[in-house]
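Below is one structure; the comments refer to it alone.
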Amino acid sequence: MGPRLPHRPAGDGTALRIIVPLPSRDFDPTEVAVPWKVLRGAGHEIAFATPDGARGYADAIMLTGQGLDPWGLVPGLQHFTLVGSVLRADRAARDTYATLEEDEAFLRPERHDRLDAAAYDALLLPGGHRARGMRAYLESAAVASFTAAMFDAGKPVGAICHGVLVAARATSQQSGRSVLYGRKTTSLTWRQEHLAWSIARVSRFWDPNYYRTYNEAAGEAQGYCGVQAEVTRALASPADYLDVPRDIPDFARKTDGRHRDSMDDERPAFVVRDGNYVSARWPGDAYTFAKTFAQVLAEKS
């Protein structure tokens, strides 16, 4: 169990109230727990919401790594992880998630359909890829409507990985377009999604599409239903979708799928800020994503 985190209570003049909508299950533990740790450490109040108001559960495979190796179905062998130990959340994120599971707000979330934009100062949209639990969140009319209301009110919004899809699908009441139209963003890239999918198709052969939330229909090009492609279709221009430039320092570290950032090392991360909106690609960006969002909030408080 990780140490309890420092927390400055709301009402000191700097704390803002941040809402984190979650699915009932299968969200990514790093993308929820790490921002919670960073933002709570900055003195903000973090609230959560789920479809039914019951606590949500992270994707167990991303916590244990069990089920990502070819022997994952063999009784007695599933605890031995090789591929799983690389693809699951790292130790720091797992420890932070264990601490999050003791948090009162996490254990007693709001309901999606009761969210009111007037009650919150900022919105954070985490991701996760497992279709079983994530589709209900990604396709929620209540979450989309609330997300649009937060954007339309000019409040800070952060989105990481599949969380960017929630924003891309949210229609502004002011413009009638996606709230991301006219903004610059990143998300889980097709390169990342395809790499993880390619590995899991072999290592998790009995469930080869574990890393694909949506699959292409007959006649659709590979990647058409990937996160990057759908987000790009919501933008004013394909040029508004940003990926790691090849000439940027630490390009290999940012794109190899093995290195993850930390509180003290931003080199593996790639985060995009456009005004009050912050986006990131995957769990490996989570610390830098949260710190960037904290900076946005500091400018607002």
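The values are calculated or read from the model by the stated rules, or taken from the named source; none is laboratory data. Note that this is a predicted model, so its numbers are computed, not measured. No Cβ is skipped: glycine too gets one built from the backbone with ideal geometry, and neighbour counts run over all protein chains shown.
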- line: Within region 179-199, residues being crowded, with 22+ Cβ neighbours inside 10 Å and more than 17 Å from the chain's Cα centre (by Cα) number 1
- request: Kindly list the number of the only condition in (1) touching a Lys or Arg at 6+ places or on another chain (Cβ under 6 Å); (2) part of a helix (DSSP H, G or I); (3) among the charged types (D, E, K, R) that fails for residue 267.
  value: (2)
Residues located in region 85-104, provided they are crowded, with 17+ Cβ neighbours inside 10 Å, of a type in the set (Gly, Ala, Ser) and assigned to a helix (DSSP H, G or I): 92, 93
Candidates 185, 171, filtered to the one that is of a type in the set (S, T, N, Q) and more than 21 Å from residue 296 (Cα to Cα): 171
- prompt: Got at least one residue in region 81-91 being out of contact with any helix residue (DSSP H, G or I) (no Cβ under 6 Å at 6 or more places or on another chain) and at pLDDT 95 or above?
  reply: yes
field: Members of region 141-157 found to be under 11 Å from residue 170 (Cβ atoms) and exposed (fewer than 15 other Cβ atoms within 10 Å of the Cβ), listed by number
entry: 141
message: Any residue that is surrounded by 12 or more Cβ atoms within 10 Å (Cβ to Cβ), among the charged types (D, E, K, R), at pLDDT 95 or above and closer than 30 Å to residue 74 by Cβ - is there at least one of those in region 262-274?
response: no
Failed condition for residue 236, given (1) in a loop (DSSP other than H, G, I, E, B); (2) surrounded by 17 or more Cβ atoms within 10 Å (Cβ to Cβ); (3) touching a Gly at 6+ places or on another chain (Cβ under 6 Å): (2)
- prompt: Does region 282-292 include one or more residues that are out of contact with any helix residue (DSSP H, G or I) (no Cβ under 8 Å at 6 or more places or on another chain) and either of a type in the set (S, T, N, Q) or more than 23 Å from residue 40 (Cβ to Cβ) (or both)?
  reply: yes
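Yes/no per residue for (1) over 22 Å from residue 269 (Cα atoms); (2) touching a Lys or Arg at 6+ places or on another chain (Cβ under 6 Å); (3) acidic (Asp, Glu):
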position	(1), (2), (3)
186	no, yes, no
191	no, no, no
195	no, no, no
214	yes, no, no
232	no, no, no
- prompt: So is residue 50 polar (S, T, N, Q) and farther than 14 Å from residue 105 by Cα or not?
  reply: no
Failed criterion for residue 129 (all others in (1) in contact with a Cys (Cβ under 9 Å, 6 or more places away or on another chain); (2) within 20 Å of residue 19 (Cα to Cα) hold): (2)
query: Residue check: is residue 249 modelled with pLDDT under 95, out of contact with any helix residue (DSSP H, G or I) (no Cβ under 6 Å at 6 or more places or on another chain), loosely packed, with under 13 Cβ neighbours inside 10 Å and closer than 25 Å to residue 287 by Cβ?
result: yes
